[in-house]
Amino acid sequence: AQTVTQSQPEMSVQEAETVTLSCTYDTSENNYYLFWYKQPPSRQMILVIRQEAYKQQNATENRFSVNFQKAAKSFSLKISDSQLGDTAMYFCAFMKLDTGNQFYFGTGTSLTVIP
Amino acid sequence: SAVISQKPSRDICQRGTSLTIQCQVDSQVTMMFWYRQQPGQSLTLIATANQGSEATYESGFVIDKFPISRPNLTFSTLTVSNMSPEDSSIYLCSVAPSGALSYEQYFGPGTRLTVT
């Protein structure tokens with residue numbers, strides 16, 4: 001079974017600063033995808049960024065980037081120039097390729113951006 | 001990305017009753033999923049809603065408690081049956097679009113259910 005661990009239940013960051021959220025996962029699979037989702041107080045889950053395991057290059061989407069370390073099974077999210085709108089729960093998710101898109105989610109990190 | 005709506009957005013129900021949650025997508029999608037998010041918790045997959053056949057349930061979830069329908073490629077329903085306070089959760093529908101991005105999932109806004 002796949003497990004996804006987010007060891008930081010809560011974090012805070014000053015506006016305009018940079019913050020890194022941690023995620024580790026456990027799998028014996030070689031082909032998979034990793035995702036970060038954001039869930040603001042409105043509770044709408046929003047895809048932030050995705051990473052294909054076969055790609056060595058770290059994914060980047062504007063102010064969001066990941067540090068993907070496949071051997072270490074680590075997938076951290078870096079948010080640069082933090083904005084008040086980044087305040088949300090952040091979930092790390094893992095998906096095997098051959099299981100009909102089944103996602104495994106971590107327990108989440110609550111991020112607060114302080115003005 | 002797909003636009004997903006859910007009805008109702010929230011409800012308060014009495015124990016022993018049932019509630020049916022609807023999920024509507026603005027485009028045809030191959031796969032639809034139902035998740036439960038208990039208060040302060042992460043998301044847990046309940047089942048995959050298969051078009052034209054019975055849903056595929058995850059361990060710990062059964063059809064009698066969570067019957068699911070998927071009559072076409074844009075619509076699904078989840079029923080929470082014989083509710084108890086432990087069923088109080090947010091229920092989310094998600095979809096995996098067809099084609100090149102089929103490995104992604106997009107989520108509806110969720111239905112907040114409170115059982116008294």
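When region B:12-33 is filtered for residues that are surrounded by 16 or more Cβ atoms within 10 Å (Cβ to Cβ) and free of Cβ contacts under 8 Å to residues at least 60 places away in the same chain, only B:Gln22 remains. Among the residues making up region A:77-106, those that are in contact (Cβ under 8 Å) with a residue 60 or more places away in the chain, within 14 Å of chain B (Cβ to nearest Cβ) and crowded, with 16+ Cβ neighbours inside 10 Å are A:Tyr90, A:Phe91, A:Cys92, A:Ala93, A:Phe94, A:Met95, A:Lys96, A:Phe103, A:Tyr104, A:Phe105, A:Gly106. Does region B:43-61 contain at least one residue that is closer than 28 Å to A:Val48 by Cα, open to solvent by less than 70 Å² (accessible area, probe 1.4 Å), in contact with a Cys (Cβ under 6 Å, 6 or more places away or on another chain) and touching a residue at least 12 places away in the same chain (Cβ under 8 Å)? No, that holds for no residue.
Take the conditions without any contact (Cβ under 8 Å) to a residue 60 or more places away in the chain, open to solvent by less than 30 Å² (accessible area, probe 1.4 Å) and away from chain B (no Cβ under 14 Å) and apply them to A:Val66. Does it pass? Judged against the criteria, A:Val66 is a match. Going residue by residue through region A:31-53, is there one that turns out to be at negative phi, touching a Ser or Thr at 6+ places or on another chain (Cβ under 6 Å) and not hydrophobic (A, V, I, L, M, F, W, C)? Among the residues of region A:31-53, not one is at negative phi, touching a Ser or Thr at 6+ places or on another chain (Cβ under 6 Å) and not hydrophobic (A, V, I, L, M, F, W, C), which makes the answer no.
Meeting the requirement of 1 or more residues that are under 10 Å from the mean Cα position of the chain (by Cα), the strands (runs of 3 or more DSSP E) wholly within region A:2-97 are A:19-21, A:24-26, A:32-39, A:46-52, A:64-69, A:74-79, A:88-96.
The values are calculated or read from the model by the stated rules, or taken from the named source; none is laboratory data. Just so we're clear, the structure is a prediction, and the values are computed from it rather than from any experiment. Here Cβ is always computed from backbone atoms with ideal geometry, including for glycine, and neighbour counts include all displayed protein chains. With ligands, DNA and RNA removed, areas are computed over all heavy atoms of the protein, side chains included. Shrake-Rupley method; radii C 1.70, N 1.55, O 1.52, S 1.80 Å.
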